[in-house]
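The values are calculated or read from the model by the stated rules, or taken from the named source; none is laboratory data. What you see is a predicted model, and the numbers here were worked out from it, not measured in a lab. Note that each Cβ is placed from the backbone with ideal geometry, even for glycine, and that neighbours are counted across all protein chains shown. Just the protein is used for accessible areas: all its heavy atoms, side chains included, with ligands, DNA and RNA removed. Shrake-Rupley method; radii C 1.70, N 1.55, O 1.52, S 1.80 Å.
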Amino acid sequence: PSIRWRLRHWASRVAGPARAFSPVLKLLDRIIVVNDAQAEGARQILGVPSGKVSVIPNVVGSEFFNQHSEGSSPSPCNKGYVLCVGNVCRRKNQLFLAEAAIKAQVPLVIVGKVLTGEEGYGNELAELTRRERTIEWLGELPPNSPQLVRMYRNCSVFALASYSETQPISALEAVACGKPLLLAGGSYAVQVEFRNACLVDPRSIDSIQDGLIRVFQNLHRYIPPPKGVEKCRAQRVGETYRLAYTAALEFGAPDHKRGSVPDPG
């Protein structure tokens with residue numbers, strides 16, 4: 001909910017698509033968002049009543065929590081690698097991260113496929129990985145797969161220098177594994193789940209390089225509290241959705257039916 005977004009939305013409500021969207025908002029019984037920033041935007045900018053907004057985070061697979069419970073911890077050795085997981089595209093900023101890792105002299109492993117329409121960016125990254133032996137690009141790995149979980153467990157730092165995100169699941173998975181975080185200093189990084197993360201300027205290779213050096217100098221300082229992602233367990237997310245659906249049904253029911261909504265679970 002930035003000033004720029006507020007102005008754009010106001011202009012759209014006057015002479016844009018939001019003119020048609022506003023009446024639809026009044027018909028909705030419940031709006032689901034993934035973080036508090038989105039909830040604030042829904043209330044303050046879209047004008048959605050607080051009682052209609054539910055904050056429900058993304059789901060993190062149990063495999064990542066299991067690894068954390070087994071005692072996973074960042075390696076105290078500066079030779080450990082940095083892990084970055086996500087679709088390869090300009091928004092995710094893997095090229096700047098790779099350049100920064102080269103300057104900081106730390107190995108980087110990238111996991112992710114090239115997003116459709118970003119083939120040129122993918123070619124640039126592929127060329128860089130061919131030139132630099134310390135940068136490895138594994139391509140896409142299946143979600144929650146044993147190989148992906150091992151990559152998280154064995155890394156020393158997780159890094160995501162995206163220009164914009166909402167609530168990146170890859171970063172949540174890293175928190176569940178108990179790993180130090182390096183994130184771009186955007187609004188998406190200021191969430192309780194990512195507290196203690198090292199924040200950098202995604203537009204600056206030097207800033208990302210400095211962040212990587214700082215994290216490796218004090219790995220434990222940049223580990224978010226594991227309690228922050230406990231609510232991301234599938235069972236807890238599912239229960240929260242059940243409560244949201246129940247509230248929506250109760251809100252939308254005729255007066256004589258309120259309070260008699262069957263349990264959707």
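Some observations on this one:
- At full extension, N154 and D206 could sit 16.1 nm farther apart than now, given 0.36 nm per residue minus the alpha carbon distance.
- Antiparallel content of DSSP bridges confined to segment 97-235, in %, to 5: 0
- Note on the chain: along the principal axes its Cα atoms extend 68, 47, 31 Å, ordered by decreasing extent.
- Gyration tensor verdict on segment 89-140 (Cα atoms; rounded if a/c is under 1.5, prolate if a/b is larger than b/c, oblate otherwise): prolate
- Once the GluC sites (Glu not before Pro) in DSSP loops with at most 13 neighbouring Cβ atoms within 10 Å are cut out of the chain, the longest remaining piece is 141-265.
- Using only side-chain charges placed at the Cβ, +1 for Lys and Arg and -1 for Asp and Glu, the dipole size of the chain relative to its Cα centre rounds to 540 debye.
- Cross-link pairs exceeding 25 Å in C-alpha to C-alpha distance, out of K92/K179; K103/K179; K179/K227; K52/K231; K113/K231; K179/K231, comprise K113/K231.
- Extension gain, F21 to K103, is 24.8 nm, computed as 0.36 nm per intervening residue step minus the present C-alpha separation.
- Within the accessible area of the chain, the carbon and sulfur atoms contribute 52%, probe 1.4 Å, all protein chains present.
- Maximal additional length on extending the A11-L138 stretch stands at 41.4 nm, based on 0.36 nm per residue less the C-alpha distance.
- Within a Gaussian network of the chain (alpha carbon springs, distance under 10 Å), most fluctuating of G47, G117, G86: G117
- The residues of the chain expose on average 53 square angstrom of accessible surface per residue, using a 1.4 Å probe on protein heavy atoms.
- With the simple model of a label 7 Å out from the Cα in the direction of the Cβ, T116 to V192 spans 3.7 nm.
- Helix 94-104 axis, angle to the chain major axis (alpha carbon atoms, nearest 10°): 40
- Partners for K26 among aspartates and glutamates (Cα-Cα distance below 20 Å; same-chain residues under 8 apart left out): E40, E250, D255
- Close amide H contacts of V88 (hydrogens built in the peptide plane, cut-off under 5 Å, sequence separation of 5 or more or a different chain): K113, V114, L115.
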